[in-house]
2 protein chains.
Amino acid sequence: MTSETYPSQSIIEQSHDLIRPYIHRTPVFTNTTINQLSGAEVYFKCENFQKIGAFKARGGINAVLSLSEADRANGITTHSSGNHAQAIAYAARQVGARAYIVMPDNSPSVKIKAVEGYGAEITFCPNTPEDREATVQKIIERTGATFIHPFNDYRVIAGQATAARELLEQVDGSLDVLMAPVGGGGLLSGTALSARYFSPSTQVIAGEPEGAADAILSFKSGQVERAPFVKTIADGLLTPLGDKTLAIIREHVREILTVSDEEIVAAMRLLWERMKIVVEPSGAVPFAALLKHREQFAGKKVGIILTGGNVDLGKLPF
Amino acid sequence: MTSETYPSQSIIEQSHDLIRPYIHRTPVFTNTTINQLSGAEVYFKCENFQKIGAFKARGGINAVLSLSEADRANGITTHSSGNHAQAIAYAARQVGARAYIVMPDNSPSVKIKAVEGYGAEITFCPNTPEDREATVQKIIERTGATFIHPFNDYRVIAGQATAARELLEQVDGSLDVLMAPVGGGGLLSGTALSARYFSPSTQVIAGEPEGAADAILSFKSGQVERAPFVKTIADGLLTPLGDKTLAIIREHVREILTVSDEEIVAAMRLLWERMKIVVEPSGAVPFAALLKHREQFAGKKVGIILTGGNVDLGKLPF
């Protein structure tokens, strides 16, 4: 299984070919008013229009397609309360495999329904890392299912890398900067690799919530650090990095910029109001960082990956 | 000025060529889940991504470009609290003409700001038809500006017709049904003409709010009727038809279906949640009609014009 090795250029290209029939080549949006307001020339890769409403479909389907027939026959398992759960459930259904998803027992019903909608078997557990892992372990012992980590997995990273690769293909000329949010670092490390291989002159800059500021610490120390505190509206970015994502990020990412929840909500609102698209708080984080550091990006061609659009419309921060 | 005559096929084609540099060729979205839920094969023309956030940019720019240099020099005027005000302000700026917009003094500040943002001169007046018209009349006497009606104007109708023409071009094969909402009828009459000229086998069906149900009455009686009562969340559809729009609609529209506000909000929510796009209540009306009459549309290829995305995010009905 070549795709479990470090994602080389050809592995990312192969992954892209592999997953293409199962994912959308999402559009890239530009907006005159947003360019005027930001002072940059911004290209938004709309992964909110991706299958399952988020980029995670890419990594999920790539990981599942990379499994042998024998492994698929035993099913796939993971723990997640968010988009990764849907991604694995969606991917498993595409290959006709069973998905066993462990979700915290306080998961929003809209997310539970979405996972059920893809035919996955859900096991609920208390919302602690220990409980999640123990529950997954029991499922593996019972079924022989393969565990797919949400981000610290080279197959997942190679899948997420295809979003940036597409964006680079879709923009005329080269981007000065490519931005992504950072949670566990699957998307950011994939984005950084795609920039390295397909557009080496492009700087990769990440956005991170102040209320989950672990990556910026890990980036400096070289160790996987925990955030001093975790409290942010960007609920897709709560997780610390993994060793694999950290190593790639340290080598290929230029900078991590942090933003407050107020800045995230303002950026999110601007995207909704001006571009007429639904973007989740986590997805607005890099654009918030751009707006906060306008002078740094002034006049530059900036690509931003809008990661997803899965929000609870009944609980908007506006 | 040929464009003040009844919109023939060639006038719509010419109008399209004329306005193309100033408008977006908006994308057509499809969605697997929405097709499953509705039982139809639905193609959404995303005019919420249009300039000014609504299809009205098409009619506004077409009307303004149709004016002689001499007329443009005296400026353009209209009264509107909504998207037409922005459309005229935007169009005037494109040709370097002055725009004098009469707005009700209770207009939402977000709409006032948008019109100001295009450099238009705003005159406020009490929110009655008489006051609006008197205020416009004074502006015309003072400036010699040309009045552009929001819908009962062949130049405006020809401009709005280009949305349906594009949709018909963008979909492979022919549509069984083409749907639009009806307020004053500018979009619906233009849509009906484009279907007649460019896809004669396509039925045109309109959606109208129960809380502004004048068009369905006018459609039956052949006279411009008033709604029995006006109370709906679809604030872009409050106006009765005009004589020009009524005549076209009676000749070329198959049917008008009415929907409740509850049905409009449910359809709107489905579009936001599943397609991750911001659609205003008026824009969700035809899709609400489709969902209400599922059996009528089952298995059919249906094009729907999503008219706009200008909503106040602070006052959502979710």
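The values are calculated or read from the model by the stated rules, or taken from the named source; none is laboratory data. Computed from a predicted structure; not experimentally measured. Don't worry about glycine lacking a Cβ; one is built from the backbone with ideal geometry, like all the others, and counts go over all protein chains shown.
Residue by residue through region A:113-123, note down the ones that are in contact with a strand residue (DSSP E or B) (Cβ under 8 Å, 6 or more places away or on another chain) and within 17 Å of A:Gly236 (Cβ to Cβ).
Matches in region A:113-123: A:Val115 only.
Please work out if A:Ile61 is crowded, with 24+ Cβ neighbours inside 10 Å, in contact with a Phe, Trp or Tyr (Cβ under 9 Å, 6 or more places away or on another chain) and assigned by TED's automatic domain parsing to the domain that holds A:Lys111.
Considered against the rule, which asks whether it is crowded, with 24+ Cβ neighbours inside 10 Å, in contact with a Phe, Trp or Tyr (Cβ under 9 Å, 6 or more places away or on another chain) and assigned by TED's automatic domain parsing to the domain that holds A:Lys111, A:Ile61 comes out as yes.
Read through the list (1) within 25 Å of A:Asp312 (Cβ to Cβ); (2) surrounded by fewer than 23 Cβ atoms within 10 Å (Cβ to Cβ); (3) away from chain B (no Cβ under 14 Å), then give the number of the only condition that A:Ser199 fails.
(1)
Only one of (1) in a loop (DSSP other than H, G, I, E, B); (2) more than 20 Å from B:Leu290 (Cβ to Cβ); (3) not basic (Lys, Arg) is not met by B:Gly173, so which one is it?
Tallying (1) in a loop (DSSP other than H, G, I, E, B); (2) more than 20 Å from B:Leu290 (Cβ to Cβ); (3) not basic (Lys, Arg), B:Gly173 fails exactly one: (2).
Collect the residues in region A:83-111 that are of a type in the set (Val, Ile, Thr), more than 19 Å from A:Ala234 (Cα to Cα) and out of contact with any Gly (no Cβ under 8 Å at 6 or more places or on another chain), keeping them in residue-number order.
Restricting attention to region A:83-111, the residues satisfying the condition of being of a type in the set (Val, Ile, Thr) are A:88, A:95, A:101-102, A:110.
Narrowing further to those that are more than 19 Å from A:Ala234 (Cα to Cα): A:88, A:95, A:101-102.
Hits for region A:83-111 are A:Val95, A:Ile101, A:Val102.
Would you check which residues across region B:34-82 are touching a His at 6+ places or on another chain (Cβ under 8 Å) and among the aromatic types (Phe, Trp, Tyr) and list them?
Within region B:34-82, just B:Phe49 meets the criteria.
Within region B:202-223, how many residues turn out to be of a type in the set (Ser, Thr, Tyr) and closer than 28 Å to B:Val171 by Cα?
1
Conditions (1) in the same structural domain as B:Gln50 (by TED's automatic domain parsing); (2) touching a Leu at 6+ places or on another chain (Cβ under 7 Å); (3) among the polar types (S, T, N, Q), marked per residue:
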position: B:Glu166; (1), (2), (3): yes, no, no
position: B:Gln170; (1), (2), (3): yes, no, yes
position: B:Ser174; (1), (2), (3): yes, no, yes
position: B:Met179; (1), (2), (3): yes, yes, no
position: B:Gly190; (1), (2), (3): yes, no, no
position: B:Thr202; (1), (2), (3): yes, yes, yes
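Among the listed residues A:Gly53, A:Gly59, identify the single one that is within 11 Å of another protein chain (Cβ to nearest Cβ) and within 20 Å of the chain's Cα centre (by Cα).
After ruling out the rest, the residue left standing is A:Gly53.
What's the total number of residues in region B:260-318 that are crowded, with 18+ Cβ neighbours inside 10 Å and among the hydroxyl-bearing types (Ser, Thr, Tyr)?
Number satisfying all stated conditions: 2.
Just wondering, is there one or more residues in region B:99-120 that are away from every other protein chain (no Cβ under 14 Å), modelled with pLDDT of 95 or more and surrounded by fewer than 21 Cβ atoms within 10 Å (Cβ to Cβ)?
No: region B:99-120 contains no residue that is away from every other protein chain (no Cβ under 14 Å), modelled with pLDDT of 95 or more and surrounded by fewer than 21 Cβ atoms within 10 Å (Cβ to Cβ).
Could you check region B:289-318 and list, in sequence order, the residues that are in contact with a helix residue (DSSP H, G or I) (Cβ under 6 Å, 6 or more places away or on another chain) and closer than 16 Å to B:Leu178 by Cβ?
B:Leu290, B:Phe297, B:Gly303, B:Ile304, B:Ile305, B:Leu306, B:Thr307
Checking A:Asp214 against (1) within 14 Å of chain B (Cβ to nearest Cβ); (2) in contact with a Pro (Cβ under 6 Å, 6 or more places away or on another chain); (3) crowded, with 20+ Cβ neighbours inside 10 Å, only one condition comes out false. Which one?
Of (1) within 14 Å of chain B (Cβ to nearest Cβ); (2) in contact with a Pro (Cβ under 6 Å, 6 or more places away or on another chain); (3) crowded, with 20+ Cβ neighbours inside 10 Å, only one is false for A:Asp214: (1).
Taking the conditions exactly as written (touching an Asp or Glu at 6+ places or on another chain (Cβ under 8 Å), in a strand (DSSP E or B), at pLDDT 95 or above and more than 14 Å from chain A (Cβ to nearest Cβ)), does B:Val224 satisfy them or not?
no
Return the residues of region B:1-27 that are within 14 Å of chain A (Cβ to nearest Cβ) and surrounded by 17 or more Cβ atoms within 10 Å (Cβ to Cβ); say none if nothing qualifies.
Selection gives B:Tyr22, B:Ile23, B:Thr26.
In the list A:Arg254, A:Arg226, which residue meets the criterion of being surrounded by fewer than 20 Cβ atoms within 10 Å (Cβ to Cβ) and within 18 Å of A:Met179 (Cα to Cα)? Full working, then the answer.
Numbers: A:Arg226 fails: within 18 Å of A:Met179 (Cα to Cα).
Matching residue, one of A:Arg254, A:Arg226: A:Arg254.
Of everything in region A:28-50, what is part of a loop (DSSP other than H, G, I, E, B) and either free of Cβ contacts under 8 Å to residues at least 60 places away in the same chain or away from chain B (no Cβ under 13 Å) (or both)? Give them in sequence order.
Matches in region A:28-50: A:Thr30, A:Gly39, A:Ala40.
Show me the helices (runs of 4 or more DSSP H) found entirely inside region A:78-150 where at least 3 residues are more than 20 Å from the chain's Cα centre (by Cα) and among the β-branched types (Val, Ile, Thr).
Working: elements: A:83-95, A:109-117, A:129-143.
It comes to A:129-143.
Answer with yes or no whether A:Thr239 is touching a Gly at 6+ places or on another chain (Cβ under 9 Å), crowded, with 20+ Cβ neighbours inside 10 Å and within 14 Å of chain B (Cβ to nearest Cβ).
Here the answer is no, as A:Thr239 does not meet what is asked.
For region A:151-167, enumerate the residues that are in a helix (DSSP H, G or I) and not polar (S, T, N, Q).
The answer is A:Tyr154, A:Arg155, A:Val156, A:Ile157, A:Ala158, A:Gly159, A:Ala161, A:Ala163, A:Ala164, A:Arg165, A:Glu166, A:Leu167.
Report yes if A:Val64 is β-branched (Val, Ile, Thr), over 21 Å from A:Leu193 (Cβ atoms) and either under 17 Å from the mean Cα position of the chain (by Cα) or modelled with pLDDT of 95 or more (or both), otherwise no. Let's see the steps before the verdict.
Numbers: β-branched (Val, Ile, Thr): yes; over 21 Å from A:Leu193 (Cβ atoms): no; either under 17 Å from the mean Cα position of the chain (by Cα) or modelled with pLDDT of 95 or more (or both): yes.
It is false that A:Val64 is β-branched (Val, Ile, Thr), over 21 Å from A:Leu193 (Cβ atoms) and either under 17 Å from the mean Cα position of the chain (by Cα) or modelled with pLDDT of 95 or more (or both).
Being assigned by TED's automatic domain parsing to the domain that holds B:Ser15 and closer than 18 Å to A:Thr32 by Cα is true for just one of B:Gln36, B:Gln94, B:Gln50, B:Gln86. Which residue is that?
Working: B:Gln36 fails: closer than 18 Å to A:Thr32 by Cα; B:Gln94 fails: assigned by TED's automatic domain parsing to the domain that holds B:Ser15; B:Gln86 fails: assigned by TED's automatic domain parsing to the domain that holds B:Ser15.
Within the list B:Gln36, B:Gln94, B:Gln50, B:Gln86, the selection yields B:Gln50.
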